[in-house]
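S.K.: Sharing a structure, written as structure tokens. Questions coming.
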Amino acid sequence: MGKPTGFMEYKREVSVAEDPKKRIQHFNEFHEHLPKEKQRLQGARCMECGVPFCQSGMMICGMASGCPLHNLVPEWNDLVYTGNWQQAYNRLKKTNNFPEFTSRVCPALCEAACTCGLNGDPVSTKENEYAIIENAYSEGYAAAKPPVVRTGKKVAVIGSGPSGLAAADLLNQRGHQVTVFERSDRVGGLLMYGIPNMKLEKQIIDRKINIMKEEGVTFVTGTDIGKDIKASKLLHDFDRVVLACGASNPINAPGRDAEGIYFAVDFLKANTRSLLDSNFEDKKYVETKGKNVVIIGGGDTGNDCVGTSIRHGAKSVTQIEMMPKAPDKRAENNPWPEWPKVCKTDYGQEEAIAVYGHDPRIYESTVKEFIKDKNGKLKAVKIVKLSWEKDPATGRMKMQEIAGSEQTLDAEIVLIAAGFLGTQKYIADAFGVELNERTNVKTAPGKYQTSVENVFVTGDMHRGQSLVVWAIREGREAAHAVDESLMGYSNLVIQ
């Protein structure tokens, strides 16, 4: 696909990020994207490799290689190159309900598996995806397309994150009447409140939700199923129920009672809500201005906390990671097309380097103690260095504290970005569904039917915390399972 010699003729180009010291003055997206003609040349770089690992989505050594949605990457790269933007959109939408989200927040597993990247720079597939979907909106291709025929079947989807939305979108397209229940005040789940505005502006979510409404999906916000509405009522009123509530059971943290310690998702949620409600004038967010902030945990959430804290004027930001620093380049035991286990310096860390003059991350460390003042307010944290040693009994590597390596850091704010585990108990109890050993909702392998008749599950609630692209795939597969159970067969094309 693309131009056979394009990868040799054209260099990889991507959008240009605003200077870190400028972009920290606002909460908007901060990339200037390529014009159409330059983007076409990026499509030309797709090299007709014969075996498109970019769309494989296969697991190698426990890591995904290529797109879990099996996006038809070479096809729409070629269509971008030839300027057939409408057909490019049609091919993209066959496998991905929400390219407007993934083109902004996905870590681009497709690019990591690109054959062109084996001995050079991969095709800028994520940027091509962004260009396709935004062009589709501007040209009207992405307008609402309500189903022509309705089946008379009713489905309730509980949770409006990417998985619940994907399930709702497909089931509605099939002709079922879908109602999405969201306990928060806005639709979008972690897309809305777990991902900061500078990565995904919220009018992008609203734009898609409004189209889904035009297509016939009903959204009910501010309603917590299991508390505000009994599960039994939903099972009576709807033919099927899909649980898409996320893995929102927080990990317990010692010393959590100190004033100044917050879970990262609560911190990010309060920040975004205050931004959307009042542009921060209501002061209903965690103030980091002039304070020393310590973030426990790496990954995307930890990085988002770094960027958010800096934008509010934190005095210092330190990020504590238990794992060793990954190599800057692929190690020999991590060959292509495996996911590259290399050190990633994301936008938040870039901003910390620009503002404070150093990388905020401290590796192979953990918090040993939260230190409070006489009023119970956090004033410092004690951290300790870790070493990885083999357990002689099991042969497995485990972490050991290094004696005498303690260090005390000033900290008025601590943000715990160490993740969440499994399903919240009240939801599982309300529907009586079985849980597995990881406290996710139990199903047969590769299936979405729970232990309760007519109740299905999808997304993080099913597989544990994961990427948006995996959530969309789960939602699509769950929709197929629900449709099949309702109709006796399914004509939904999910990959």
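S.K.: Using the heavy atoms of the protein chains and a 1.4 angstrom probe, tell me the accessible area per residue for the stretch 403-495 in square angstrom.
M.R.: Working: 4220 Å² over 93 residues.
Here the residues of the stretch 403-495 average 45 Å² of exposed surface.
S.K.: Provide the per residue accessible area, probe 1.4 Å, for the stretch 299-339, rounded to a whole number of square angstrom.
M.R.: Details: 1910 Å² over 41 residues.
That works out to 47 Å² for each residue.
S.K.: A further question on this structure: Pop out the Kirkwood hydrodynamic radius of the stretch 27-80 from its pairwise C-alpha distances, inverse of mean 1/r, in Å to one decimal. Please list the in-between numbers first.
M.R.: Working: mean 1/r = 0.0768 Å⁻¹.
Result for the stretch 27-80 stands at 13.0 Å.
S.K.: Need one number: % antiparallel among DSSP beta bridges in the chain, to the nearest 5.
M.R.: Here the antiparallel bridges make up roughly 45 percent for the chain.
S.K.: Further question on the same structure: Of all the accessible heavy-atom surface of the stretch 250-361, with the other protein chains kept in place and a 1.4 Å probe, what percent is carbon and sulfur? Working shown, then result.
M.R.: Numbers: 2760 of 5340 Å².
On the stretch 250-361, the fraction of accessible area on carbon and sulfur atoms equals 52 percent.
S.K.: Pull up all non-local amide H partners of residue 368: gap of 5 or more, or a different chain, and H-to-H distance under 5 Å with H placed in the peptide plane.
M.R.: Counting only residues 5 or more places away or on other chains, the set is 382, 383, 384.
S.K.: So what's the back-of-envelope 222 nm ellipticity for the chain, counting only DSSP H runs of four-plus at -39500 (n - 2.57) apiece and dividing by all residues, rounded to 500? Please list the in-between numbers first.
M.R.: Working: 18 runs with 168 residues, N = 495.
Computed ellipticity for the chain at 222 nm equals -9500 deg cm²/dmol.
S.K.: How large is Rg/Rh for the stretch 383-495, to two decimals, with Cα atoms and a Kirkwood Rh? List each step's numbers first, then the result.
M.R.: Details: Rg = 20.8 Å, Rh = 17.8 Å.
Rg/Rh: 1.17.
S.K.: Shifting gears a bit: So what J values fall out for the stretch 146-155 if you push phi through Karplus, 6.51 cos²θ - 1.76 cosθ + 1.60 with θ = phi - 60°, rounded to Hz, Gly and Pro as x?
M.R.: x, x, 7, 10, 9, 8, x, 8, 10, 10
S.K.: With +1 on the Cβ of every Lys and Arg and -1 on the Cβ of every Asp and Glu, and nothing else charged, how large is the dipole of the chain about its Cα centre, in debye rounded to the nearest 20?
M.R.: On the way: 63 positive and 63 negative charges, 74 e Å.
Around 360 debye, computed over the chain.
S.K.: Where does the Debye-calculated log10 I(q)/I(0) of the stretch 217-348 sit at q = 0.10, 0.11, 0.13, 0.22 Å⁻¹, using only Cα point scatterers of equal weight, no solvent?
M.R.: Log10 of I(q)/I(0), two decimals: -0.55, -0.65, -0.82, -1.32.
S.K.: Report the normalised scattering of the stretch 24-130 as log10 I(q)/I(0) at q = 0.10, 0.22 Å⁻¹, calculated by the Debye formula with identical scatterers on the alpha carbons.
M.R.: Debye output, listed in q order: -0.28, -1.24.
S.K.: A follow-up question, please. At a 1.4 Å probe radius, carbon and sulfur cover how many percent of the accessible area of the stretch 394-487?
M.R.: Values: 2130 of 4450 Å².
After summing per-atom areas, the C and S share lands at 48 percent.
S.K.: Enter the Cα centre distance for the pair the stretch 159-222 and the stretch 397-459, rounded to the nearest angstrom.
M.R.: Spelled out, the Cα-based centre of one part sits 23 Å from the other.
S.K.: What dipole magnitude, in Debye to the nearest 20, does the stretch 370-467 give about its Cα centre under +1 on Lys/Arg Cβ and -1 on Asp/Glu Cβ? Intermediate results must be reported in sequence, preceding the final value.
M.R.: On the way: 14 positive and 12 negative charges, 31 e Å.
Once rounded to the nearest 20, the dipole reads 160 debye.
S.K.: Nearest 5 percent is fine: what portion of the DSSP beta bridges confined to the stretch 295-429 is antiparallel? Write down the numbers at each step before the final one.
M.R.: Working: 16 of 22 bridges.
That works out to approximately 75 percent antiparallel.
S.K.: At what distance in nm do the modelled label points of residue 369 and residue 451 sit from each other, each positioned 7 Å from its Cα along Cα→Cβ?
M.R.: Between residue 369 and residue 451, the simple spin-label model gives 4.3 nm.
S.K.: Under 5 Å between amide hydrogens, which residues at least 5 positions from residue 29 or on another chain qualify, with H placed 1.01 Å from N in the peptide plane?
M.R.: It is 201, by chain and number.
S.K.: Along each of the three principal axes of the Cα atoms of the stretch 126-224, give the extent in whole Å, ordering the values from largest to smallest.
M.R.: 39, 32, 18
S.K.: Tell me, what % of the accessible area of the stretch 1-40 is carbon and sulfur with a 1.4 angstrom probe? Please list the in-between numbers first.
M.R.: On the way: 1460 of 2740 Å².
Heavy-atom surface of the stretch 1-40 belonging to carbon and sulfur, 1.4 Å probe: 53 percent.
S.K.: Also, quick follow-up: Tell me, what are the semi-axes, in whole angstrom and largest first, of the equivalent ellipsoid of the stretch 69-188 as set by the roots of 5 times the Cα gyration tensor eigenvalues?
M.R.: Values: eigenvalues 181, 60, 30 Å².
The equivalent ellipsoid of the stretch 69-188 has semi-axes of 30, 17, 12 Å.
S.K.: Just tell me, in residue order, which DSSP H segments of the chain are both 15 angstrom or longer along the helix axis (alpha-carbon based) and at least -1.0 in mean Kyte-Doolittle hydropathy. Don't skip to the answer; put the middle values down first.
M.R.: Working: long enough: 125-139 (21 Å, -1.09); 162-174 (18 Å, -0.08); 202-214 (18 Å, -0.79); 264-278 (21 Å, 0.05); 299-311 (19 Å, -0.55); 468-487 (28 Å, 0.09).
Taking the DSSP H segments of the chain (at least 15 Å long, mean hydropathy at least -1.0), we get 162-174, 202-214, 264-278, 299-311, 468-487.
S.K.: Semi-axes of the chain's equivalent ellipsoid from the Cα gyration tensor, sqrt of 5 times each eigenvalue, largest first, rounded to whole Å? Mind dumping the intermediate values first?
M.R.: Working: eigenvalues 249, 185, 107 Å².
Over the Cα atoms of the chain, the ellipsoid semi-axes are 35, 30, 23 Å.
The values are calculated or read from the model by the stated rules, or taken from the named source; none is laboratory data. Everything quoted here is computed from the prediction, not taken from an experiment. In this analysis, Cβ positions are derived from the backbone assuming ideal geometry, glycine residues included, and neighbour counts consider all displayed protein chains. Ligands, DNA and RNA are stripped out before the accessible areas are found, and what is left, the full protein with its side chains, is counted by its heavy atoms. Shrake-Rupley method; radii C 1.70, N 1.55, O 1.52, S 1.80 Å.
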